[in-house]
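Visitor: Here's a structure for you.
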Amino acid sequence: MAHRFVVAASRLPVDRVEGPDGAACWRPSPGGLVSALEPVMRESGGVWIGWSGDAGPAPGPFRANGLDLVGIGLSAQLVRDYYEGFCNATLWPLYHDVIAPPEFHRRWWEAYVTVNRSFARAAVEQAAPGATVWIHDYQLQLVPQFIREQRGDLRIGFFNHIPFPGYEIFAQLPWRRQVITGLLGADLLGFQRQDGAANFLRACRRAAGLTTRGSTVRVPPDGTLGARDVLAATFPISIDSAALEQIARRDSVRKRAADIRLALGEPDTVLLGIDRLDYTKGIPHRLSAYGELLREGRLGPRVVLVQVASPSRERVAAYRVLRDKVELAVSRINGEHAEVGSPPVHYLHQSHPREEMAALYLAADVMLVTSLRDGMNLVAKEYVACRYDETGALVLSEFTGSADELSGAFLVNPHDIEGLKDAIVRAATISPAEARRRMRLMRKRVCEHDVAHWARTFLGTLTRTPVGEAAEVAL
Ligand code: G6P
């Protein structure tokens, strides 16, 4: 089928689950990228190409949850080499400033090329003449080139949801030139922060010897991509703020928030962390700071931390190591400070539906986001969107994209445990007037710059960009 708008993202926006009759069916899946793109897809009636998350043959084109979907099949070997290997044990740690050491294996790279070719093939099949194709994230960096080589008529955008690292780090990648060529198949490359775009432009100059002018890369005529200009610009992603606020305002959700506080023993202060269990999120740093604050008695006796750590990439070694580390730290704190029936850390290694997340956001006095490196961090924005009564405080790592926008947060360097402790104490003891001032500032930003604004700005820039000849835009 020919579509005027094609999205290619690592994941489909649905999960395969077993229905009541035992038959397989599709359920909308949680996650930042999905909640970001779903509203845009519905409005534009496009097609979404992605992987279901399971090993096995492609489910073929289908319709679920009101969206046209095309599944990409991955064999068990490709799941290991492409997804667990190259995506999540090479690129993910490399692009997050080598917090964990990246591994470089030629077999993984070959699997990455193979899977990127499958995505490109599906996009080429689905795209009508002159269609717009929007490719997402680090898993698919070669797709723009593979599409461009077959279809000069398409308008191709790529958005990098995670950081793009400084050149000294990117240069470690044995396939750095191929990745740059892959990305340069697009007309427009979007990054979360200005330093991501600047790092990419520098990598084009240093690794590929290309010329850049302002935010534009000149692609020379001698390659397979033809002489073109490619624009690299900044588009900070956001959330569907109004929809989330509506959920938070529901009576049932407010009641659930009150029940959560009751179940926690009606403490004076509830601290909250909600993360994928990922080493980029700085969960051990947060636990160290909290443990020390309890030992020093600086938060008073009636404080609890709720830490939701949703299971993620559990077959990748670094994630298993992290889980053990986090769970050891949690049980140490609880062992030292719990009284019977009232542990100071409530640790949930679970995923929750959006309603429960909204209730948790409402139940918390202080939200802790302590990422060591994070493309954006949508949890910070979700917390702000839910706090419609302008209460609550946000402790936010300066190494997140959100830190550029949420000026009402208590900004921290999560490596500085003393600074982190001070910020948590200040956030927990903030006056209601000061909390309101800060929250109002943040809410203005999150409500005005929602995900629809992000998508409109990106697509507006892409469609104004003449194919093969990018115009300079100030964003
Ligand atoms: C991050 C990435 C997404 C990814 C998500 C979940 O947000 O930017 O591209 O889909 O994590 O990770 P997973 O490995 O489960 O797809």
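Visitor: Does anyone have the angle between helix 432-448 and the longest principal axis of the chain? Alpha-carbon axes, 0 to 90°, nearest 10?
Guide: It works out to around 20 degrees.
Visitor: Quote the relative contact order of the chain in percent (integer), defining contacts as alpha-carbon pairs under 8 Å separated by 6+ residues.
Guide: It comes to 14 percent, rounded to a whole number.
Visitor: Something else now. What trypsin sites (Lys or Arg not before Pro) does the range 239-283 have in DSSP loop regions with at most 13 other beta carbons within 10 Å?
Guide: Sparse-neighbourhood loop trypsin sites (Lys or Arg not before Pro): Arg250.
Visitor: I need to check one value: relative contact order of the range 203-298, counting alpha carbon pairs closer than 8 Å and at least 6 residues apart, in percent.
Guide: Normalised by residue count, the contact order of the range 203-298 is 10 percent.
Visitor: Right, next: From zero outward in steps of 10 Å, how is the percent of C-alpha pairs of the range 134-218 spread across the bins?
Guide: With a bin width of 10 Å, the distribution comes to 18, 56, 24, 1.
Visitor: Percent antiparallel among DSSP beta bridges with both residues in the chain, to the nearest 5?
Guide: Details: 18 of 67 bridges.
If I count the DSSP bridges inside the chain, around 25 percent turn out antiparallel.
Visitor: Let's test the formula: R0 of 25 Å, r as the Cβ-Cβ distance of Gln150 and Thr211. What FRET efficiency results, to the nearest 0.05?
Guide: Efficiency, from the Cβ-Cβ distance: 0.45.
Visitor: First compute the accessible area of the chain with a 1.4 Å probe, then give the percent of it belonging to carbon and sulfur atoms.
Guide: C and S atoms contribute 50 percent here.
Visitor: Let me ask something additional. Beyond 16 Å, how much of the Cα-Cα pair distribution for the range 256-369 remains, as a whole percent?
Guide: Working: 3752 of 6441 pairs.
Percent of Cα pairs beyond 16 Å in the range 256-369: 58.
Visitor: Let me ask something else about it. Which FRET efficiency value, to the nearest 0.05, do you get for Glu266 and Asp97 by plugging their Cβ-Cβ distance into 1/(1 + (r/R0)^6) with R0 = 56 Å?
Guide: E(calc), rounded to 0.05, equals 0.85.
Visitor: Let a ≥ b ≥ c be the square roots of the eigenvalues of the Cα gyration tensor of the range 77-187; is it rounded (a/c under 1.5), or, if not, prolate (a/b larger than b/c) or oblate?
Guide: Because a/c hits 1.5 or more and a/b exceeds b/c, the range 77-187 counts as prolate.
Visitor: Using modelled amide H (1.01 Å from N, peptide plane; none on Pro or chain starts), what sits under 5 Å from the amide H of Leu74, excluding residues fewer than 5 places away?
Guide: For Leu74, whose amide H was placed from the backbone, the distant partners under 5 Å are Gly56.
Visitor: Angle, helix 354-363 long axis vs. longest principal axis of the chain, Cα atoms, 0 to 90°, nearest 10?
Guide: Helix 354-363 and the main axis of the chain meet at about 40 degrees.
Visitor: With axes computed from alpha carbons, what is the tilt in degrees of helix 194-208 against the longest principal axis of the chain, rounded to the nearest 10 within 0 to 90?
Guide: Taking Cα atoms only, the helix is inclined about 40 degrees.
Visitor: Taking 0.36 nm per intervening residue step and subtracting the Cα-Cα distance, what contour gain separates Ser342 from Ser75 on full extension?
Guide: Separation in residues times 0.36 nm, less the Cα-Cα distance, equals 91.5 nm.
Visitor: Using the Kirkwood radius built from alpha carbon pairs, what does the Stokes-Einstein equation give as D for the range 328-422 at 37 °C and 0.692 mPa s, in µm² per second?
Guide: Using the Kirkwood radius from Cα pairs, D works out to 222 µm²/s.
Visitor: Indicate the gyration tensor shape class of the chain (rounded, prolate or oblate), computed on the Cα atoms with a ≥ b ≥ c the square roots of the eigenvalues: a/c under 1.5 is rounded; otherwise a/b larger than b/c is prolate and the rest oblate.
Guide: Prolate, since a/c reaches 1.5 and a/b exceeds b/c.
Visitor: From zero outward in steps of 5 Å, how is the percent of C-alpha pairs of the range 1-119 spread across the bins?
Guide: Once binned at 5 Å, the Cα pair distances of the range 1-119 give 2, 11, 19, 20, 18, 15, 10, 5, 1, 0.
The values are calculated or read from the model by the stated rules, or taken from the named source; none is laboratory data. Keep in mind it's a predicted model, so treat the numbers as computed, not measured. Counting neighbours? That spans all protein chains shown, and the Cβs are built from the backbone with ideal geometry, glycine included. Only protein heavy atoms, including side chains, enter the accessible area calculation; ligands, DNA and RNA are left aside. Shrake-Rupley method; radii C 1.70, N 1.55, O 1.52, S 1.80 Å.
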